[in-house]
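Below: the structure, in C-alpha cells.
The values are calculated or read from the model by the stated rules, or taken from the named source; none is laboratory data. The model shown is predicted, which means the values in this text are computed figures rather than measured ones. Here the Cβ positions follow ideal geometry from the backbone for every residue, glycine too, while neighbour counts run over all protein chains shown.
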Amino acid sequence: MRPLNRHRASQPKFRRIVINLHCHATLIVNQVQLSITHAPLITAGVAANMAGLGQSVDRDNGLLDYSRLSGMMLQAWSPFQKGFFDGVFLGDRENFAELNNALDDLAKAYGVTPMGIAVAWITRHPANIQVVLGTTKPIRVTEAAAGSAVPLTREEWYRLFTAAGHILP
Ligand SMILES: NC(=O)c1ccc[n+]([C@@H]2O[C@H](COP(=O)([O-])OP(=O)(O)OC[C@H]3O[C@@H](n4cnc5c(N)ncnc54)[C@H](OP(=O)(O)O)[C@@H]3O)[C@@H](O)[C@H]2O)c1
C-alpha cells in the first residue's frame, strides 16, 4: 500500500473568484477526456515535480485538485480511447498487452467484462468521476454500469495504472 504523495496543491479560491466575476455562475460539472491510457489529469499529480519526466507536466493547472476542493463534478469522455480518438485500448494487445492482461484478470475476478474494469478504474477514483461512454451497442451500457460498482482495491487500481505505462514513483 502506498501513501498519497507527490500530489499538487491548486488555486481553488482564485478560480472561483474569476468564474463568479465573469460568469455570475457556479461551475458544477466539467467534461474532460479521461481513460486509463489518456490520464494526464491524474498521472501528473502522482509524479509531481519530477524534472525530465513528461508525466510530471501539469497540463490542466491542477484541475482534478480544484474539482475535488470545490465540489465540481468531472465527467470522463472517451473512457476507452487510447489517446485522442486513436481507437480503443480494449483488446489492443499489440500496444497494450500488459494492460489488457490486467483488465482480463480483474474482469474474471469480479465477474464483469474488461470494459467494466476500465470503467471501474475511473469510478473508483475518490473524485467521484462520472463516465460518458459512446456506443452503438446497448449491452455495453449494461456492462459499463456493472463495472461502475466494482470496488477495485488500491493495489488493483495501481496495477492498471502502471500496466497502462504510467510511472508510480
Ligand atoms: N465534452 C466533450 O468535449 C466531448 C468530447 C468528445 C466526446 N464527448 C462525449 O463523450 C462520449 C464518449 O466519447 P467516445 O465515443 O470517444 O468514447 P468511448 O466510449 O471511449 O469510445 C466509443 C467507441 O469505442 C467503441 N468500443 C467500446 N467498447 C469497445 C470494445 N470493447 N471493443 C471495441 N470497441 C469498443 C465503441 O464502439 P461500439 O459502438 O461498437 O460500442 C465506440 O466506437 C461521446 O459520445 C460524446 O457524447 C464529449
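Sort out which residues of region 116-162 are basic (Lys, Arg) and outside any loop (DSSP other than H, G, I, E, B), and write them in order of number.
Hits for region 116-162 are Arg140, Arg154, Arg159.
If you go through region 72-92 one residue at a time, do you hit one that is at pLDDT below 90 and surrounded by 14 or more Cβ atoms within 10 Å (Cβ to Cβ)?
Within region 72-92 (the criterion being at pLDDT below 90 and surrounded by 14 or more Cβ atoms within 10 Å (Cβ to Cβ)), the answer is yes, since at least one residue qualifies.
Give the residues of region 110-121 that are buried (at least 24 other Cβ atoms within 10 Å of the Cβ) and β-branched (Val, Ile, Thr), sorted by residue number.
Matches in region 110-121: Ile117, Val119.
Would region 55-78 turn up any residue that is within 11 Å of the ligand (Cβ to nearest atom) and either among the hydroxyl-bearing types (Ser, Thr, Tyr) or in a loop (DSSP other than H, G, I, E, B) (or both)?
Yes: one or more hits.
Picking from Ala107, Ala102, which residue would you name as being surrounded by 20 or more Cβ atoms within 10 Å (Cβ to Cβ), over 14 Å from Pro79 (Cα atoms), at pLDDT 95 or above and within 13 Å of the ligand (Cβ to nearest atom)?
Matching residue, one of Ala107, Ala102: Ala107.
Scan region 79-98 for residues that are within 8 Å of the ligand (Cβ to nearest atom), within 15 Å of Pro114 (Cβ to Cβ) and among the aromatic types (Phe, Trp, Tyr) and jot them down.
Hit for region 79-98 is Phe80, nothing else.
Among the residues that make up region 114-137, is at least one of them among the aromatic types (Phe, Trp, Tyr) and at pLDDT below 95?
No: zero hits.
In region 123-143, which residues are within 12 Å of the ligand (Cβ to nearest atom), touching a helix residue (DSSP H, G or I) at 6+ places or on another chain (Cβ under 9 Å) and either closer than 21 Å to Val46 by Cα or touching a residue at least 40 places away in the same chain (Cβ under 8 Å) (or both)?
Gln130, Val131, Leu133
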